[in-house]
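Written out below as structure tokens is the structure these notes cover.
The values are calculated or read from the model by the stated rules, or taken from the named source; none is laboratory data. Small disclaimer: the values here were computed from a predicted structure and weren't measured. As a convention, Cβ positions derive from the backbone with ideal geometry for all residues, glycine included, and neighbour counts pool all protein chains shown.
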Amino acid sequence: MLKKIIINKEQITTACIILICLILYGIFPVSGIFQNLMSSFAFLILVPFLYIKIVLKRSPSDYGFRVGDARQGILWGAFSLIFALLILYIVINFTDFVQNYYIPAFARRFFLFLLYELFIIGFFVLLYESFFRGFVQHSFARKLGIASVVLQAFLFIAFLALTQNLDWSVFPFVLFSPLSGIIAYRSSSLIYSFASALLFIIITDAILISLTR
């Protein structure tokens, strides 16, 4: 009974920390991309990390920062990538996605495209994977099971809706959020969900550039 009370108290505290991080990120005043990056890092990576290490006294490996089950990670990563590309094909052909998806002009040059994808997009993929698939999902996976995937995806979409416009520019992130959650859940690792999500966005951007030349 005491153990159950402690677990419930921990989950309530964790839920409060999650909401506080998201609220502070949303209301913290920033000006320019550098401050935005610093604010994102502080509230979505640093604060959860300190909470895990200092308050919960646990290892980041308990939240997906480990190799995990490579076979499951590769298998579900490949399946998710194929599924997402099929959805992308439908969206490209039957919506105005191509006309409204934003890619910076400088990223249309090959070398700058690689830098943009690996460092700017890569940072945000790491950010979202760490917080939503790592901190949020792994905090409730034992209690909720696969439903923790739905929870993190819902919070992620709500987060995007409240902090920026839910337009076509964030569609690849939204589409892959539940898929990343499944990959992380099955493999107990963020490595494969991060790699799959980043690869999907790189492929999406490459396709969109080729279609709008």
*Could you tell me whether Arg109 is within 23 Å of Phe34 (Cβ to Cβ), over 20 Å from the mean Cα position of the chain (by Cα) and among the basic types (Lys, Arg)?*
yes
*asked:* Taking the conditions exactly as written (under 24 Å from Leu46 (Cβ atoms), aromatic (Phe, Trp, Tyr) and buried (at least 17 other Cβ atoms within 10 Å of the Cβ)), does Phe173 satisfy them or not?
replied: yes
*Pair list, Cβ under 7 Å, 6 or more apart: region 86-107 residue without any contact (Cβ under 8 Å) to a residue 12 or more places away in the chain, other residue assigned to a helix (DSSP H, G or I) and surrounded by 10 or more Cβ atoms within 10 Å (Cβ to Cβ)*: Phe106/Leu112
*Conditions: (1) farther than 15 Å from Leu126 by Cβ; (2) surrounded by 14 or more Cβ atoms within 10 Å (Cβ to Cβ); (3) touching a helix residue (DSSP H, G or I) at 6+ places or on another chain (Cβ under 6 Å); (4) not aliphatic (A, V, I, L, M). Asp62 meets all but one. Number of the miss?*
(3)
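The rows are residues; the columns are (1) out of contact with any helix residue (DSSP H, G or I) (no Cβ under 8 Å at 6 or more places or on another chain); (2) at pLDDT 95 or above.
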site: Ile5; (1), (2): yes, no
site: Thr13; (1), (2): no, no
site: Phe28; (1), (2): no, no
site: Gly32; (1), (2): yes, no
site: Gln35; (1), (2): yes, no
site: Met38; (1), (2): yes, no
site: Phe41; (1), (2): no, no
site: Arg71; (1), (2): yes, yes
site: Trp76; (1), (2): no, yes
*Collect the residues in region 167-194 that are part of a helix (DSSP H, G or I), under 11 Å from the mean Cα position of the chain (by Cα), touching a residue at least 60 places away in the same chain (Cβ under 8 Å) and more than 11 Å from Ala84 (Cβ to Cβ), keeping them in residue-number order.*
Ala184, Ser193, Phe194
